[in-house]
Amino acid sequence: MLKKTKTIKERLIYVYLPDENMVEHWKKKAHDAKMSLSKFVMEQVEGGIQREDDFVPRMELLKKINQLEEENERLQKDNQRLGIVVDKLQDDLQVYRLQPFMDDKDKDVRKHEKDLTELFRKKGFVKMDDLWRELKINPKHPDVMKAISRELENLERYGVIKKTYEGWRWQKK
């Protein structure tokens, strides 16, 4: 309930608008709403206050915007740097993966890869113990064993062979 005051000046505030156009604009809006300018302004202000319980002064918003823009710029630079690092790592990975095909020292490994594929194609199923004998490989040689194991994993990954309890089965016919 509104309380009456001794004089109207106790309830009076002055608002200075930036220009006369805004004054005319507000008067027109009040007229279109069929209410006095005082009531129109009061309802608009109160409505704004109710919508914006979390009112933040404009200067604080501008400060926050500035901080966010700086953070955004920093994150974009970080992202760009990380992109360059990822590209470099991908290039290094590609070189690493192609290295066996570029080194002459891996000719024996490539020969075993071909022999391995031919063995599975011809036999269909190869037991683990028979694999070393068929390829004439010394299972005590760590580099060759590592290369053959890697090739077996690759063939299995590509669905060419399937590992079983006793050995490997050729999948492609």
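Below is a table of values for the structure above.
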item: Residue in the range 18-36 that is surrounded by 10 or more Cβ atoms within 10 Å (Cβ to Cβ) and in contact with an Asp or Glu (Cβ under 8 Å, 6 or more places away or on another chain) present; result: yes
item: Index of the failed condition, PHE55 passing every other in (1) more than 14 Å from VAL15 (Cβ to Cβ); (2) out of contact with any Gly (no Cβ under 9 Å at 6 or more places or on another chain); result: (2)
item: Qualifying positions in the range 1-17 - under 52 Å from the mean Cα position of the chain (by Cα) and surrounded by 11 or more Cβ atoms within 10 Å (Cβ to Cβ); result: LEU17
item: Residue within the range 63-74 that is under 46 Å from the mean Cα position of the chain (by Cα) and surrounded by 11 or more Cβ atoms within 10 Å (Cβ to Cβ) present; result: yes
item: Listing of helices (runs of 4 or more DSSP H) fully contained in the range 19-128 that carry 3 or more residues being modelled with pLDDT under 75; result: 58-102, 107-123
item: Checking ASN138 against (1) modelled with pLDDT under 85; (2) assigned to a helix (DSSP H, G or I); (3) not β-branched (Val, Ile, Thr), the condition it does not meet; result: (2)
item: The range 138-173, subset among the aliphatic types (A, V, I, L, M) and within 17 Å of LYS114 (Cβ to Cβ), residue surrounded by the most Cβ atoms within 10 Å (Cβ to Cβ); result: ILE161
item: The lone exception for ARG133 - which of (1) within 16 Å of ASP115 (Cβ to Cβ); (2) of a type outside the set (Ser, Thr, Tyr); (3) surrounded by 13 or more Cβ atoms within 10 Å (Cβ to Cβ) it fails; result: (3)
item: Near pairs, Cβ below 8 angstrom, 6+ apart or cross-chain, from the range 1-27 (touching a residue at least 12 places away in the same chain (Cβ under 8 Å)) to any residue that is surrounded by 10 or more Cβ atoms within 10 Å (Cβ to Cβ) and not in a helix (DSSP H, G or I); result: TRP26/LEU17
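The values are calculated or read from the model by the stated rules, or taken from the named source; none is laboratory data. Everything quoted here is computed from the prediction, not taken from an experiment. Cβ atoms come from the backbone with ideal geometry, glycine included; neighbour counts cover every protein chain shown.
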